[in-house]
Each structure stands twice: as structure tokens, then as C-alpha cells.
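Accompanying notes for the structure given below.
Derivation of every value follows stated rules applied to the coordinates shown; laboratory data play no part. Worth saying up front: this structure is predicted, and the values here are computed from it rather than measured. Using ideal geometry, Cβ is built from the backbone for each residue, glycine included, and neighbour counts are taken over all protein chains shown.
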Amino acid sequence: MLSIDGSYGEGGGQTVRTAVALSVLTSTPIAITGIRANRPIPGLRPQHFTAVSCVHSMCEAKVEGLTVGSSTLKFTPGAIIPGSYTFDVGTAGSITLVFQTCLLSALRTTAPITIRLRGGTDVRWAPSWDYFTHVFLPLIHKLGVRVETQLHARGYYPAGGGDATMTIHPFEKLHPFQVVDPQSFTEMHGIINIANLPEHISIRMKHAAVKTALKHNLQAFVKVEQSPSASSGTGIVVWSETEETVLGANVLGEKGVSAEQIGEDAAAQLAQEILSGATVDRYAIDQMLPYLVVAPRGSACLVRELSNHTNTHMWLLKQFFPVTFEVTQQQHSTRIAVR
């Protein structure tokens, strides 16, 4: 049984979710200790519990310590069982993080798997729904992963109530992701999501995002999606793409932060990624790393900077795979190669 120190590095829920997914993917029993030990509220939270519970159901694993608040977890995986599953986080916990855990776990499925989740679609400390579908999924699609999604309802803090479906399809093989040449990003696309708030907020946010994009010589195409939800909320996701890759930025609305500031921040973050010469943004690389390792060796990309999340993910992946990450500092970015 592989022992994993859940407090290592960033030491958050990512370690638990990824370790469980890799456990299934590699058929490796694991024991995680010190789960979120350095967090204000240590141990498993509801969204982590849901993520592990989903995977547990999908492969009929043997699990010990799967309770909210638990600081240890033993997980012995079984084989993934294709079919349809429905789960509810029960709070506004992120459904995109749960989807990512399920997707990595079921990457080698031999038949379609459909998962329907209820919870938060646009919440703090997680990829928003639009970032998940317009940045992350297109990136791993370039490696050969086949996924379809459908959004039924938005869910914000505190009530949640978001509802979405993801179908994972079998694929023939994965391909390395090799994007280290300069890219020409000329357009910014974006979606502003808003619920139960005055229309002028989205108008001001859009104007600020477009104005900032134009300052950086990016044509801007931003649309507004207004929908009912159990809680009020708003946010913006922007992205820019070439034939080879996608860069994105995600900013969630907050009380006390103006709509103009939110829109400007999102476009400015995207522009910063582009100006650095990055071919994968600093948040996407963290989410892509497991797929780059599972794919045939040779993947390489440029990132603006390495986060603590990414460094922790590299450490965790080395526990499961005989992999080396070559990290080379460039003038304005960092080159990551998987060997």
C-alpha cells in the first residue's frame, strides 16, 4: 500500500482528490495521512468526501476513514464500472473539482460513463464551470481525451443548487502535448455568468473586460449568460486560443469589488499570460499535469510561473509514476517537460 503524506507542500484537498484518482488509474492501494493538516479546518470537507464517494461508487473500492473531518484515508480501488451515476455535493462545494476527480479516475474506461452532479458551479478556490469547459477540457482534448458536458443550472455560494452532466468516452490513445513555440493570440473570448443581480452589473463588467482587452491588442468577444439560481452570484471567464493551445483566466464576483474591477482583472490576467509567452496558463498546468504524465513521454509547454499547487502535484505524481519533470527558467516563463 502506497503511503501519501497529505500535508506535503500545498497540502490541500487536491492531494486527496488526485491521489484517489491515480489510485484507481494505476490500481494502487493508498493510505493518506495528515489530510489538510495545515488548514484552518483540517480533514476531509464535504466536497472532498463527495469526490472520493463518487469514485468509490464507480469502482466499488474498499475505503476506510471516508467521513467528513477525517484526517486519514485508506483506499483500495476496484475496476471502473461504466454506466450512469448521480451525486449531490450537498453544499455549494465545487462540482468541477469532483468532475475532475472522476474523469482522471475513469480515464481508461472501456465504455461511456455519464455522471450528473449537483453543487456549486461557480465558487471560490475552484475552476468555474466556464473555465472547466472552455479551457481545461479543450486542452486535454488535444491529448486525445473525449468528454461531453451539459450545464443544467448554475450554483453559487451559499445555497449551491448547480446541476451539470459529464460523459466520459473511451479513446484509442493519448498524444503528448508539445507546445513550446511562440503563439499568436489575437482574440479574447469570454462569458459573464450572473444570477439574481441587476443587469447593469454584467454590462459594466463586460465593458471593462473589452476595454482592457483592446488595450492589449486583443479583439474581444464577450457574452452574458443570465440564469435563475438558488443564490445570487456572478463571475467572468475569458480565454484566448490558437490551433495548438488555450490560455484562460477566471475571476469570481465578490461583495465590495466593483463590476469594473472584476472585468478588468480577468482580461488583465489573460493578457499577462499572453505577454509572458506561456502556452498553458498557471492554473491549467496544475490540472493538466496528470494527463501529461499518463500520455506518452515528450510533453512540454511554457508557463508564466509555477504555483505551490503545481509543485505539490509534481511531487504526488512521482509517487505513482517513474517520471521526471525538467523545469527550465526562460526569460519571462518557465519550461516544463515530462520525461
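Remark: the chain carries a charge dipole of roughly 580 debye about the Cα centre, counting +1 on each Lys and Arg Cβ and -1 on each Asp and Glu Cβ. For the pair the stretch 98-124 / the stretch 169-225, the C-alpha centres are spaced 23 Å from each other. Checking the cross-link pairs Lys62/Lys318; Lys223/Lys255; Lys62/Lys142; Lys173/Lys318 against a 26 Å limit on the alpha carbon distance flags Lys62/Lys142 as lying beyond it. Our estimate of slack between Ser71 and Asp88, defined as 0.36 nm per intervening residue step minus the Cα-Cα distance, is 3.9 nm.
3J(HN,Hα) couplings calculated from phi for the stretch 271-284 with the Karplus curve 6.51 cos²θ - 1.76 cosθ + 1.60 (θ = phi - 60°) are, in sequence order, 4, 5, 4, 5, 5, 6, x, 4, 10, 9, 6, 5, 8, 5 Hz; Gly and Pro show x. Add +1 for every Lys or Arg and -1 for every Asp or Glu among the other residues with Cβ under 15 Å from the Cβ of Gln219, and state the total. In short, +2. Within the chain, the longest run free of GluC sites (Glu not before Pro) that sit in a DSSP loop with at most 16 other Cβ atoms within 10 Å is 61-171. Other residues within the sphere of radius under 13 Å centred on the Cβ of Val55, judged by their own Cβ, net out at +1 (K and R +1, D and E -1). With R₀ set to 22 Å, the beta-carbon distance separating Glu244 from Ala153 gives a calculated FRET efficiency near 0.05. Taking other residues whose beta carbon is less than 10 angstrom from the beta carbon of His152, and scoring Lys, Arg as +1 and Asp, Glu as -1, yields +2.
A Gaussian network model of the chain, with springs between Cα atoms under 10 Å, assigns the largest mean-square fluctuation among Pro40, Pro182, Pro138 to Pro40. Counting 0.36 nm for each residue step from Leu275 to Glu60 and taking away their Cα separation leaves a gain of 72.7 nm.
Normalising by residue count, the chain has a Cα convex hull of 121 Å³ per residue. Distance between the modelled labels on Ser27 and Leu197, one decimal in nanometres: 4.9 nm (7 Å Cα→Cβ projection).
Note on the chain: with a GNM built from Cα contacts shorter than 10 Å, the maximum mean-square fluctuation among Ile81, Ile113, Ile192 falls on Ile81. Modelled label positions at Ser258 and Gln178, each set 7 Å beyond Cα in the direction of Cβ, lie 4.9 nm from each other.
FRET efficiency for the pair Thr167 and Lys318, taken as 1/(1 + (r/R0)^6) with r the Cβ-Cβ distance and R0 = 35 Å, rounds to 0.65.
Given their separation in residues at 0.36 nm each and the Cα-Cα distance between them, Ser227 and His332 gain 33.8 nm when the chain is fully extended. Rounded if a/c is under 1.5, else prolate if a/b beats b/c, else oblate: with a ≥ b ≥ c from the C-alpha gyration tensor eigenvalues square-rooted, which is the stretch 139-248? In terms of gyration-tensor shape, oblate. Measuring r between the beta carbons of Arg108 and Leu214 and using R0 = 35 Å, the FRET efficiency lands at 0.20.
Under the combined filter of DSSP loop state and at most 16 neighbouring Cβ atoms within 10 Å, the stretch 62-146 retains these chymotrypsin sites (Phe, Trp or Tyr not before Pro): Trp125. When both bridge partners sit in the chain, DSSP labels roughly 70% of those beta bridges antiparallel. Using a ≥ b ≥ c from the Cα gyration tensor of the stretch 1-102 (square roots of the eigenvalues), is it rounded, prolate or oblate, where a/c under 1.5 gives rounded and otherwise the larger of a/b and b/c decides, a/b for prolate? Cα axes put the stretch 1-102 in the oblate bin.
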